Amino acid sequence: MVEREIVVFIGPEGSGKTTHALRLVRESGRPYITTGDIIRDLAQKDSGPLGDECREMFASHGYLNGATLLKILVHRFGQDDVASGFVLDGGLRTLEETIDFPAMLDEAGLDLPVTVIHLRVPGWMSFERLIFGEAARKRNDDTIEGILSRLSKYYHQLGKRAAVIEEQPNWRLAHVDATGPVEAVYAEVVGRLQ
């Protein structure tokens with residue numbers, strides 16, 4: 001279902017980006033890249049300025065500076081295993097990052113179509129899925145303050161980010177209602193990729 005293509009999952013906290021990205025990876029055999037894991041790894045293991053910036057991002061419940069994130073990703077995107085495409089879990093979180101993303105792909109030598117899957121859920125559902133529900137994720141940074149901060153940052157300039165995505169040649173933006181059962185949402189994701 002995913003051949004020579006980059007699939008990027010975006011959406012607010014708790015929208016199911018990781019759930020659906022990992023299933024797509026299992027079923028398509030495409031490499032999986034998650035910005036969150038790369039940043040968490042740097043925060044834990046890098047004692048230099050890059051690690052400091054990642055640790056500060058977590059402490060402030062924010063996002064990494066777009067230029068810094070793209071510098072981290074261009075190295076990963078230049079590796080051989082992603083030459084035919086990959087699934088990116090997270091990304092395009094700020095206007096700056098979204099605007100600079102095509103140039104970063106060029107720098108990494110990737111000239112592939114891009115499909116951005118925008119998983120949509122209402123704000124209350126983010127809290128239900130991450131903190132309050134029976135199956136809530138409850139990660140250390142899943143606090144009311146942390147989620148409010150990240151949701152605020154996610155929705156900031158979302159319309160402008162969507163416009164940038166839609167303006168890119170060979171890119172498409174697919175909105176998916178992610179409020180239903182996992183199977184139904186995933187079926188819609190797959191439908192948008194075919």
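The values are calculated or read from the model by the stated rules, or taken from the named source; none is laboratory data. No experiment lies behind these values; they were computed from the predicted model shown. In this analysis, Cβ positions are derived from the backbone assuming ideal geometry, glycine residues included, and neighbour counts consider all displayed protein chains. Remember, those area values only see protein heavy atoms, side chains included, never the ligands or the DNA or RNA. Shrake-Rupley method; radii C 1.70, N 1.55, O 1.52, S 1.80 Å.
Brief remarks on what is shown
- Evaluated at q = 0.15, 0.17 Å⁻¹: base-10 log I(q)/I(0), Debye formula over Cα of region 136-194: -0.72, -0.87
- Region 9-36 versus region 157-194: alpha-carbon centroid distance in Å: 13 Å
- Across the accessible surface of the chain, with the other protein chains kept in place and a 1.4 Å probe, carbon and sulfur atoms take up 51 percent.
- Solvent exposure of region 46-194 as accessible area per residue, Å², 1.4 Å probe: 50 Å²
- Relative to the Cα centre, the charge distribution of the chain, modelled as +1 at Lys and Arg Cβ and -1 at Asp and Glu Cβ, gives a dipole magnitude of about 380 debye.
- Filtered GluC sites (Glu not before Pro), region 124-156: DSSP coil and at most 15 other beta carbons within 10 Å: Glu134
- By the rule of a C-alpha distance below 26 Å, with chain neighbours fewer than 8 residues away ignored, the lysines paired with Lys71 are Lys17, Lys45, Lys153, Lys160.
- Placing +1 on each Lys and Arg Cβ and -1 on each Asp and Glu Cβ, with no other charges, gives region 51-144 a dipole about its Cα centre of roughly 440 debye.
- Centre separation in Å (Cα based) which lies between region 115-129 and region 83-100: 18 Å
- Taken along its principal axes, the alpha carbon cloud of the chain reaches lengths of 44, 41, 31 Å, longest axis first.
- Length released on extending from Glu56 to His156, taking residue separation times 0.36 nm less the Cα-Cα span: 34.0 nm
- Dipole magnitude for region 9-100: computed about the Cα centre from +1 point charges on Lys and Arg Cβ and -1 point charges on Asp and Glu Cβ, it is near 280 debye.
- Extension reserve of the Arg40-Phe132 stretch, reckoned as 0.36 nm per residue once the Cα distance is removed: 30.7 nm
- Tail fraction, Cα-Cα pairs, region 60-119, threshold 15 Å, whole percent: 50 percent
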